[in-house]
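Take a look at the structure set out below.
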Amino acid sequence: GGQTPLKLARQLEECGVQILGTSPHSIDLAEDRKNFKELLNRFGFLQPKNDIAYNMDEVIEKAEMIGYPVVVRPSYVLGGRAMEIVYTPEQLSVYLEKAAKSQIDFPILIDQFLQEACEMDVDAVSDGKETLICGVMEHIEEAGIHSGDSACVLPPITISPKVCKELECQTARMAEALKVQGLLNIQFAIKDDKIFFIEANPRGSRTIPFVSKATGVEWAKIATKVMVTKRLDRSTITIPVVNHVSVKEAVLPFGKFPQEDALLGPEMKSTGEVMGVDSHFGTAFAKSQMAANLILPSHGTVFISVNKNSKSKIIKPMKTLVQLGFKILATEGTRLTLLEHDIQTDFIHKLDEGRPNLVDYVINGDIALIINTPSTQRSIDDGKYIRQTAIRHNVPLFTTVQGLIAAVSGIESLANNDLQVSSLQELFNL
């Protein structure tokens with residue numbers, strides 16, 4: 001289960017109900033910020049700087065001590081509700097004003113935000129002594145996007161085997177420390193080859209159904225047996241050798257709520273998940289987009305407008321799109337960057353600069369793909385109408401550079417390979 005049964009476990013135990021699986025004490029150890037921090041320090045594990053604030057003044061003071069940017073959120077929230085990344089004291093003041101109007105309860109949790117870090121999910125099953133890794137997943141979007149909204153790939157495609165092995169070792173040590181009886185999910189962030197703990201969840205995560213389909217193993221069934229018998233017997237578990245790549249993608253509800261902003265962030269917006277499987281990452285990603293009702297284009301015009309921190313990362317994927325025959329439109333700043341790297345790019349007005357602008361092109365059906373990665377509040381506000389228009393007219397939209405890179409990989413794979421479809425039964429010879 002999710003957060004609700006974790007909260008109920010202690011009360012049920014106090015009422016004399018036998019709790020199968022991980023004990024309420026271990027659950028509290030993972031859920032309580034102070035206790036979990038002490039546990040990580042005891043093992044020498046890394047964690048982003050963090051603190052707890054119990055009033056407005058403490059939020060400001062402790063954010064300064066940790067150093068911007070920081071992630072701020074109320075304690076014990078679901079789905080990242082009211083969670084935000086703030087880059088300046090001014091942005092923090094705006095957040096606190098909104099918090100006061102919404103009557104958000106203290107304490108407020110403050111975490112150092114690891115910019116450009118790669119987020120990882122590791123699922124495992126354990127009896128407190130023996131631990132078996134179910135799967136190691138690499139998020140496609142970088143840290144800062146809620147894990148429920150981020151696409152992920154299994155096995156990882158950019159993380160070295162050495163780092164993956166260390167992730168597995170740290171997961172096993174944490175399972176033993178928490179005396180886990182059943183499933184465990186840990187979210188990590190990797191920055192500059194250093195591994196940071198984000199959180200540990202002594203329960204089945206939303207990723208378990210995906211991992212089961214990707215690996216051909218009924219992990220929930222195995223975990224249930226462990227919870228009942230308190231013993232993990234590896235000799236009874238057969239893990240197939242797989243030669244495919246699996247991509248999990250979030251299903252976002254913006255088509256039904258066109259007034260909402262499609263910009264991804266730390267607050268979860270997805271309502272479901274789908275997956276794509278293939279021998280190549282690009283094709284697996286393209287299949288996952290099809291399953292989410294987003295068809296990657298094979299030709300046409302691409303609009304791109306990115307923040308200054310992302311400009312160096314778009315050169316390679318944009319060159320690939322041009323080689324595949326796409327035409328590029330960009331606002332002035334992004335256009336100049338592309339021209340400096342010999343990428344032919346046409347100019348298009350921002351919404352307040354004149355016409356025709358992007359909205360006109362979208363309404364006329366002249367745009368095949370939109371990439372929009374704002375960073376400042378002004379650019380977020382300016383781009384909101386563009387993103388809403390893209391959703392209304394069913395134009396593929398990516399709001400992260402990592403999403404762009406994955407999409408280009410998918411477009412290139414579809415251009416060079418015939419699409420093959422296999423059932424799970426065929427993949428695992430069932």
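Details
- For the range 61-73, filtered to residues that are aliphatic (A, V, I, L, M) and crowded, with 16+ Cβ neighbours inside 10 Å, the residue that is nearest to the chain's Cα centre (by Cα) is 71.
- Unmet criterion (only one of (1) under 16 Å from residue 46 (Cβ atoms); (2) surrounded by fewer than 19 Cβ atoms within 10 Å (Cβ to Cβ); (3) out of contact with any helix residue (DSSP H, G or I) (no Cβ under 8 Å at 6 or more places or on another chain); (4) not polar (S, T, N, Q)) for residue 189: (2)
- Qualifying residue in the range 219-234 (condition: of a type in the set (S, T, N, Q) and part of a loop (DSSP other than H, G, I, E, B)): no
- The listed residues are 290, 318, and the only one of them that is aliphatic (A, V, I, L, M), more than 30 Å from residue 225 (Cα to Cα), out of contact with any helix residue (DSSP H, G or I) (no Cβ under 9 Å at 6 or more places or on another chain) and not in a loop (DSSP other than H, G, I, E, B) turns out to be 290.
Here is a yes/no grid of residues against (1) over 27 Å from the mean Cα position of the chain (by Cα); (2) charged (D, E, K, R):
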{"residue": "343", "(1), (2)": "yes, no"}
{"residue": "350", "(1), (2)": "yes, yes"}
{"residue": "407", "(1), (2)": "no, no"}
{"residue": "427", "(1), (2)": "no, no"}
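- Among the numbered conditions (1) assigned to a helix (DSSP H, G or I); (2) closer than 27 Å to residue 403 by Cα; (3) touching an Asp or Glu at 6+ places or on another chain (Cβ under 7 Å), the only one that residue 209 does not meet is (3).
- Residue match in the range 5-21 (condition: in the same structural domain as residue 206 (by TED's automatic domain parsing), buried (at least 16 other Cβ atoms within 10 Å of the Cβ) and touching a residue at least 24 places away in the same chain (Cβ under 8 Å)): yes
- Positions within the range 260-301 being more than 30 Å from residue 73 (Cα to Cα) and in contact with a His (Cβ under 7 Å, 6 or more places away or on another chain), in sequence order: 277, 278, 279
- Count of the range 74-115 residues, restricted to those that are surrounded by 16 or more Cβ atoms within 10 Å (Cβ to Cβ), assigned to a helix (DSSP H, G or I) and at pLDDT below 85, is 1.
- Some residue of the range 251-271 being in a loop (DSSP other than H, G, I, E, B), more than 17 Å from the chain's Cα centre (by Cα) and under 14 Å from residue 134 (Cβ atoms): no
- Sole residue being of a type in the set (Lys, Arg), touching a helix residue (DSSP H, G or I) at 6+ places or on another chain (Cβ under 7 Å) and not assigned by TED's automatic domain parsing to the domain that holds residue 182, chosen from 248, 213, 308: 248
The values are calculated or read from the model by the stated rules, or taken from the named source; none is laboratory data. What you see is a predicted model; the values in this text were computed from it and never measured. Quick reminder, even Gly has a Cβ in these numbers, built from the backbone with ideal geometry, and neighbours come from all protein chains shown.
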